[in-house]
Structures are given as C-alpha cells and as structure tokens.
Amino acid sequence: MRSVDPNKLKSGSNDTSQKGKGLDTRLAPTRAMVLCPLLRSSAPKPAATPRPVSLARQPANEGRAEHARLAEAVGLAHAIDLNIVSSGVILVARPRPGTLFGKGKVEELKGIIAAEAVELVVIDHPLAPVQQRNLERAWKAKVLDRTGLILEIFGERAHTREGRLQVELAHLIYQKSRLVRSWTHLERQRGGVGFLGGPGETQIEADRRALQEKIVRIRRELDQVKRTRALHREGRKRVPYPTVALVGYTNAGKSTLFNALTGAGVEAKDQLFATLDPTMREVSFTQGTKAIVSDTVGFISNLPTSLIAAFRATLEEVVEADLILHVRDISSDETEAQRRDVEQVLEELGVETTQDDARVAEVWNKIDLLDPEDAVEVNNMAARKGALCVSAVTGAGIDVLRAAIEDKLNEQAKLVTLTLGPAEGALMSWLHDNAHVLSSQTDDKGLTTVQLRISPEKLERFNHRRGGTPVAAA
C-alpha cells in the first residue's frame, strides 16, 4: 500500500480561513481534504507525463491516469467552494468492508487530518453507509463520498422548480440508505429486547417511512413535470421545429458553445457542473431553417444510477432530439475516457451512439488550446471521423458548425414547386418562416410560383393550413 504523509499530500494554497486575524471565521470556506482511492485491480499502468491530446496515441481501453482522477475530484470539491488544504491518491491493495482503507492507513490519515485542522474529507469513491460512519468516528470529521459530493453540487446549482425536485429526490434516495450512518439520537432508543431488537430500530423505521413518503410525493410532482414537458414537446412538434441537444462531459464547453450558436447569455464557467437546469433557445440558420437548441447537464464518470433516474425528465430532451451534438473537450488528456462515459449514459437513456446513428454528431471543442502540431493532427482525424473542430471561445469553426447543423436537419427536406394566389399572402409568409425558399416569381395575374425545400412534417402542416388538394413532394 502506498505510504501517504504530509509531504506526499498536496497542501492547499488558497487557505482563506483567516485564523488569528480577528475576522468572522464562520464565513470561511470549509477546510477539506480530497482523497482518491485507487484500488489495485483498477490501477492504470504508470504512464509518462501527459502531452497535449493526440487521439492516435490513446488506446480505447486505457484507464484514467491518477493525476486526472485526482484533478477531477479536486475540481468537484472546488465547485462548492471548499478550501482544499490537502489532496492525494491512495493505493488500496485490499478494500476493507468496514473502512475501505486498512487500519494503519486510517490512523496515518487521522494524524494528517488533525494536523491540517480538516473539517471535511472528500473520498472520490462510493462508500457504504457503515464505511462512512466508521471513518467519521475515527477521524472526527465529516466524510463525503463521490455521490454525496455530486449531490451537494447539484443542490447548490439547481434553480428551477424541476431541478430542485430532481435534486431533492436524489438526496432522499441517498439519505434513505444511510439512516444508520451517524444519527446519534437513534442510539438512545430500542425497538426490542434481547437479540430481536437493536439500537434505534423503532426510530430508524419511522424515519425510513417518512423519507419514503417524501420520495413518493416528489416522484408524483416530477411525473407532472414530465407530462408538462411532453405537452411542450408536442407543441413544438406542431410548429414544427426540429430540436438540437448539446450533450457532453461536464466542463466540455457546452454552455459556451450554446451561447455561440444562439447568442444567449447562459452562464458559462470553467467549472464542473456549471449548468444544471436545461436551457432552450430558438435559432435561425442561414438557409431559413429554424430549430430549438437545448443545453443540458454535463455527464461525469461513475455518475450514480439514482442521479440518472432523478434527472431522466430533463434528459428526455436528449432522447427526443432530432440531432444530438456530443461536445468533447478535445484538449483534455482524458477526452477518450470522457467520450466513453458520455456514450455509456446515452446508451442507458436508449440513444444509440454508433457511427450508423445519424442523430449523433461529434463536435470537438477547445481546439484553440492545442499546440499547432496537435491541432493539425486533430483536424485531420476529425475530417476522417466526420467530426467538426471548433473553439466556442474564439468562434473558430462556429459558422461551419452552424451550416453542418442546418444541412443535417435538412437531409430529409424535399424539393417542392407550388403556386399561390394573390389572396394567399399569409401562407407565403408562413413558407418563408418554415422552409427554405429557393426562388419566387409572380406573373401578371398575381400568381406566385415558389420553389422551396421543406421537411415532410412542415409540408404536411402546410397542406393542413391550405386545405384542398395536398401538395406532393418532388
């Protein structure tokens, strides 16, 4: 087992606790330690110092590097403004059922936690309730595993009613499994005698029942949200506007790209889970095509199943989308591993991610962060794979992307020629708003002959509006 001591744990440089300066320390960020357990069975082979991304050098089955896992865990902790005073990777040869770490390691870390005055220990690994409880008792500090940390982030970032309901549901499901963790009031009650009862049995059952009632209530409310979303989607289909969903690993630049495509002012930060609540905007493209573009919550490795289920109502916008843009941070050393994580979540949602699926297209973002040689290599590979390279920050490739999106949405469009009378001006206006008008000529009698490209759905809508003999697609 790898030795961990204060020299091997990185000391935080952003200590804002202001001890001894007479300031109100109650406002100071929580002092935290971030530990990344590396189980021997999942430990990747030692690798050289990472270079800027070169996809040709990244085997598809290569595991995440230690530094990348730790950096992501620290990034998650920073997302809720924790003051990281120590962080490190710990090799676990044999996970202990009661504490995950061995007894000696627990004692070693106890000393570091006390010396650094750590208030919260973040462990980037799932913890069983008994493991979390035992570590808290041993270290005299709050312990949070990966799932709990992500839930805390979601709890801070969700602003819409739907988002708050989803977060509360996931919190309750997580809390229900941890009723015995550290609720000291449970130990003062007994639910039976001899070996039949146990400390806190009656109170635990009462609390579990209360949680279950809340879970049922929130699920009912989310079902209503789901029905409302379905009505909104049906309303958009009646227009009908195609929908484009941006998906990708957290911090891949989806919100920045969303702003570049739509001109919206969605908050975009260099921070994990900066976007939680879905945002939609209408976009008009060069050839007249209109679409609804949706910015969605970012995915992450080892996303808890309960969170996927809780956010299914939001992610249904992805399932129902006409076009899914998988936004990748192509400058990241972990871009291939992140791609696999996103595809796994999409597959769990029922979205095929094979190259044969015309609905999914890859957008390789942050091309501006690559060195010139790597940028040339990545651009060549993108051309072979049918991906598009862009920089949402500098705007490089955005016009090409917009044109590609419009072409993709218009692949099913039909070429139609029709004639409108002088009294059909409203229909002509509707065609300009909902189709790509290629040419328009008006004769001496006021009859206008129009040649246009229009989707089958919109052509059906046009026929319904006009009545009479339907116009057939060429």
From MET280, MET381, which residue is aliphatic (A, V, I, L, M), in the same structural domain as ALA396 (by TED's automatic domain parsing) and modelled with pLDDT under 85? MET280
Does the range 413-435 contain any residue that is at pLDDT below 80, under 17 Å from ALA291 (Cα atoms) and touching a His at 6+ places or on another chain (Cβ under 8 Å)? yes
For the range 442-462, which residues satisfy the criterion of being at pLDDT below 85 and out of contact with any helix residue (DSSP H, G or I) (no Cβ under 9 Å at 6 or more places or on another chain)? ARG453, PRO456, LEU459, GLU460
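Looking only at the range 111-126, decide whether some residue is in contact (Cβ under 8 Å) with a residue 40 or more places away in the chain and among the small types (Gly, Ala, Ser). Spell out how you get there, then give the answer.
Going through the range 111-126, the residues in contact (Cβ under 8 Å) with a residue 40 or more places away in the chain turn out to be 112-113, 115-126.
Narrowing further to those that are among the small types (Gly, Ala, Ser): 115, 117.
Yes, the range 111-126 contains a residue that is in contact (Cβ under 8 Å) with a residue 40 or more places away in the chain and among the small types (Gly, Ala, Ser).
Might you check whether a residue that is in a helix (DSSP H, G or I), modelled with pLDDT of 85 or more and of a type in the set (A, V, I, L, M, F, W, C) occurs anywhere in the range 312-320?
Of the range 312-320, the ones in a helix (DSSP H, G or I) are 312-319.
Right, trim to modelled with pLDDT of 85 or more and you get none.
For the range 312-320, residues in a helix (DSSP H, G or I), modelled with pLDDT of 85 or more and of a type in the set (A, V, I, L, M, F, W, C): absent.
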What number of residues within the range 83-114 are in a loop (DSSP other than H, G, I, E, B) and closer than 16 Å to CYS36 by Cβ? 3
Condition met for GLY75 (out of contact with any His (no Cβ under 8 Å at 6 or more places or on another chain) and at pLDDT 90 or above): no
Residues that are in contact (Cβ under 8 Å) with a residue 40 or more places away in the chain and more than 30 Å from ARG466 (Cα to Cα), drawn from the range 392-427: ALA392, VAL393, GLY395, ILE398, LEU401, ARG402, ALA403, ALA404
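One line per residue, one yes/no per condition, for (1) exposed (fewer than 15 other Cβ atoms within 10 Å of the Cβ); (2) modelled with pLDDT of 90 or more:
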{"residue": "SER42", "(1), (2)": "yes, no"}
{"residue": "PRO50", "(1), (2)": "yes, no"}
{"residue": "ARG57", "(1), (2)": "yes, no"}
{"residue": "ALA68", "(1), (2)": "no, no"}
{"residue": "ALA79", "(1), (2)": "no, no"}
{"residue": "SER87", "(1), (2)": "no, yes"}
{"residue": "PRO97", "(1), (2)": "yes, yes"}
{"residue": "LYS105", "(1), (2)": "no, yes"}
{"residue": "LYS110", "(1), (2)": "no, yes"}
Tell me whether the range 144-163 contains one or more residues that are hydroxyl-bearing (Ser, Thr, Tyr) and at pLDDT below 85. yes
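I'd like to check something: does the range 349-360 contain any residue that is aliphatic (A, V, I, L, M), part of a loop (DSSP other than H, G, I, E, B) and more than 28 Å from ALA245 (Cα to Cα)? Full working, then the answer.
We begin by selecting, within the range 349-360, every residue aliphatic (A, V, I, L, M); these are 349, 351, 358, 360.
Narrowing the set further to residues that are part of a loop (DSSP other than H, G, I, E, B) leaves 349, 351, 358.
Checking the rest, the ones that are also more than 28 Å from ALA245 (Cα to Cα) come to none.
No; the residues of the range 349-360 include none that is aliphatic (A, V, I, L, M), part of a loop (DSSP other than H, G, I, E, B) and more than 28 Å from ALA245 (Cα to Cα).
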Return the pair list, or none, for Cβ contacts closer than 6 Å from residues in the range 150-166 that are more than 12 Å from ALA79 (Cβ to Cβ) to residues that are of a type in the set (Lys, Arg), at least 6 apart or on different chains. ALA158/ARG164
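Within 23 Å of ARG157 (Cα to Cα), in contact with a helix residue (DSSP H, G or I) (Cβ under 6 Å, 6 or more places away or on another chain) and of a type outside the set (D, E, K, R): is that true of VAL89 in this structure?
Numbers: within 23 Å of ARG157 (Cα to Cα): no; in contact with a helix residue (DSSP H, G or I) (Cβ under 6 Å, 6 or more places away or on another chain): yes; of a type outside the set (D, E, K, R): yes.
Spelling it out, it is not the case that VAL89 is within 23 Å of ARG157 (Cα to Cα), in contact with a helix residue (DSSP H, G or I) (Cβ under 6 Å, 6 or more places away or on another chain) and of a type outside the set (D, E, K, R).
To keep it simple, each residue is scored yes or no on (1) surrounded by 15 or more Cβ atoms within 10 Å (Cβ to Cβ); (2) more than 24 Å from LEU169 (Cα to Cα); (3) at pLDDT 75 or above; (4) in contact with a Cys (Cβ under 9 Å, 6 or more places away or on another chain).
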site: TRP183; (1), (2), (3), (4): no, no, no, no
site: ASP207; (1), (2), (3), (4): yes, no, yes, no
site: VAL239; (1), (2), (3), (4): yes, yes, no, no
site: ALA245; (1), (2), (3), (4): yes, yes, yes, no
site: LEU272; (1), (2), (3), (4): yes, no, no, no
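The values are calculated or read from the model by the stated rules, or taken from the named source; none is laboratory data. Here the structure is a predicted model, which is why all the values come from computation and not from measurement. Heads up, the Cβs are rebuilt from the backbone with ideal geometry, glycines too, and the neighbour counts pull from every protein chain shown.
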